[in-house]
Amino acid sequence: MLKNLTLTNFTAFSKAELNFSKGINVIIGRNGVGKSHLLKVGYSFLFSKAKEIKTDPNHFFLAKIIYSFNISLNNLHHLIRQPQTASDIELKATISAINGDIVESATTFIPSDEPETLAYKTAMGTIGIYAQPTYIPPKEILSIYPGLAQAIEDRELSFDGTYHDLAKALGRRPLKGKRLAEISDILLTIEEDVFGGGKFVEKNSQFYFEKESIGELEAPLVAEGLCKVGMLAHLLRNGSLVKGSTLFWDEPESNLNPQLLKLVAKAMTSLADYGIQVVVATHSLFLMRELDILSKNKSTPLRFFGLSETPTGVEVSQGDSIENIDHIQSLEEELEQTDRYLSLEYVDD
């Protein structure tokens with residue numbers, strides 16, 4: 001699990017530090033302030049620890065950053081904050097292993113448009129047992145799943161590495177026996193509440209939606225919002241999401257109506273209560289409020305992070321309540337529209 005993340009001179013951030021909850025973490029801010037960048041850096045740290053290569057784990061982390069951001073080594077310097085005030089980037093993370101050990105990882109690198117001149121130094125901490133994280137990007141992939149991973153590997157399609165990782169994770173075999181029984185309550189919450197008793201299944205490298213009342217439908221014939229929630233359910237069913245792991249979810253609200261989003265918030269809370277850390281980037285005031293309501297009712301650990309653009313870079317405000325974060329323009333606009341709507345006077349003709 002991710003406990004702390006510090007970024008210096010990286011993309012939109014001059015200097016930022018985030019302290020995460022072991023439960024649900026909500027990152028909010030307008031477009032272009034670096035919400036997805038935070039998710040990808042955290043994901044790269046945790047993935048590198050889970051897949052640690054004893055010979056050179058440091059290089060593996062840097063390769064994961066390049067892979068997740070879908071940039072070339074030649075363009076690594078594009079990750080330096082602009083306007084450029086320094087030439088090096090520093091990224092640090094504090095990570096909790098499955099057995100509870102706390103490990104600090106750090107990397108400093110000086111990007112260059114000449115790959116052979118790349119300089120970096122890292123300290124990825126001690127080797128331990130770490131759960132592999134899962135990253136769900138904004139777009140669902142159940143409907144385009146057949147051959148997706150291979151097409152990305154063959155460079156026939158240009159997706160960032162998070163889509164490739166997700167495609168491979170979705171391809172794992174479903175759990176059986178005791179391990180499946182452990183997560184049956186969470187699965188039931190999703191499949192009964194969201195799908196009305198239906199579920200997504202994988203057959204011959206194709207995903208289908210099965211429900212007694214309608215039979216079997218190919219994933220491309222199912223609403224995109226349902227496919228998105230279907231990915232979450234399948235990742236639980238096949239053991240990609242396990243106790244002690246971290247789920248990074250970028251814009252879960254896209255293609256979901258408020259009714260479905262309310263059920264997704266309920267599922268996130270169930271995941272956190274089970275022991276899966278959840279880190280979400282969102283624009284949705286509705287989702288933030290729903291998570292706040294649910295967490296207070298169930299005492300689920302919840303933390304908010306507000307990203308605000310300043311002349312010196314994006315700054316992060318954080319706290320255990322929505323009231324702890326600074327005014328966020330996207331949220332202010334939504335609240336202001338509500339005030340305008342309520343102030344309307346309807347006059348009968």
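The values are calculated or read from the model by the stated rules, or taken from the named source; none is laboratory data. None of these values were measured; they are calculated from a predicted model. Please note: Cβ atoms are built from the backbone with ideal geometry, for glycine as well, and neighbour counts cover all protein chains shown. Ligands, DNA and RNA are stripped out before the accessible areas are found, and what is left, the full protein with its side chains, is counted by its heavy atoms. Shrake-Rupley method; radii C 1.70, N 1.55, O 1.52, S 1.80 Å.
Hey, which of the strands (runs of 3 or more DSSP E) in segment 202-263, taking only ones fully inside, have at least 1 residues that are buried (at least 23 other Cβ atoms within 10 Å of the Cβ) and polar (S, T, N, Q)?
246-250
Does S240 meet the test of being among the small types (G, A, S) and either closer than 15 Å to Y135 by Cβ or in contact with a strand residue (DSSP E or B) (Cβ under 7 Å, 6 or more places away or on another chain) (or both)?
Judged against the criteria, S240 is a match.
Considering only segment 31-38, I want to know if a residue exists there that is farther than 24 Å from E323 by Cα, in contact with a strand residue (DSSP E or B) (Cβ under 7 Å, 6 or more places away or on another chain), hydrophobic (A, V, I, L, M, F, W, C) and touching a residue at least 40 places away in the same chain (Cβ under 8 Å).
No: segment 31-38 contains no residue that is farther than 24 Å from E323 by Cα, in contact with a strand residue (DSSP E or B) (Cβ under 7 Å, 6 or more places away or on another chain), hydrophobic (A, V, I, L, M, F, W, C) and touching a residue at least 40 places away in the same chain (Cβ under 8 Å).
Got a number for residues in segment 70-113 being at pLDDT below 75, open to solvent by less than 80 Å² (accessible area, probe 1.4 Å), more than 17 Å from K15 (Cβ to Cβ) and assigned to a loop (DSSP other than H, G, I, E, B)?
Qualifying residue count for the region: 3.
Within the bounds of segment 55-69, is there any residue that is open to solvent by 20 Å² or more (accessible area, probe 1.4 Å), at pLDDT 85 or above and of a type in the set (K, R)?
So far as segment 55-69 goes, no, none of its residues is open to solvent by 20 Å² or more (accessible area, probe 1.4 Å), at pLDDT 85 or above and of a type in the set (K, R).
Only residues that are touching a helix residue (DSSP H, G or I) at 6+ places or on another chain (Cβ under 6 Å), assigned to a loop (DSSP other than H, G, I, E, B) and open to solvent by less than 10 Å² (accessible area, probe 1.4 Å): list them for segment 1-54, please.
Answer for segment 1-54, where residues must be touching a helix residue (DSSP H, G or I) at 6+ places or on another chain (Cβ under 6 Å), assigned to a loop (DSSP other than H, G, I, E, B) and open to solvent by less than 10 Å² (accessible area, probe 1.4 Å): G23, G29.
Just name the residue that is least open to solvent (accessible area, probe 1.4 Å) out of those in segment 173-199 that are closer than 27 Å to L261 by Cβ, part of a loop (DSSP other than H, G, I, E, B) and not hydrophobic (A, V, I, L, M, F, W, C).
Out of the qualifying residues, it is G198.
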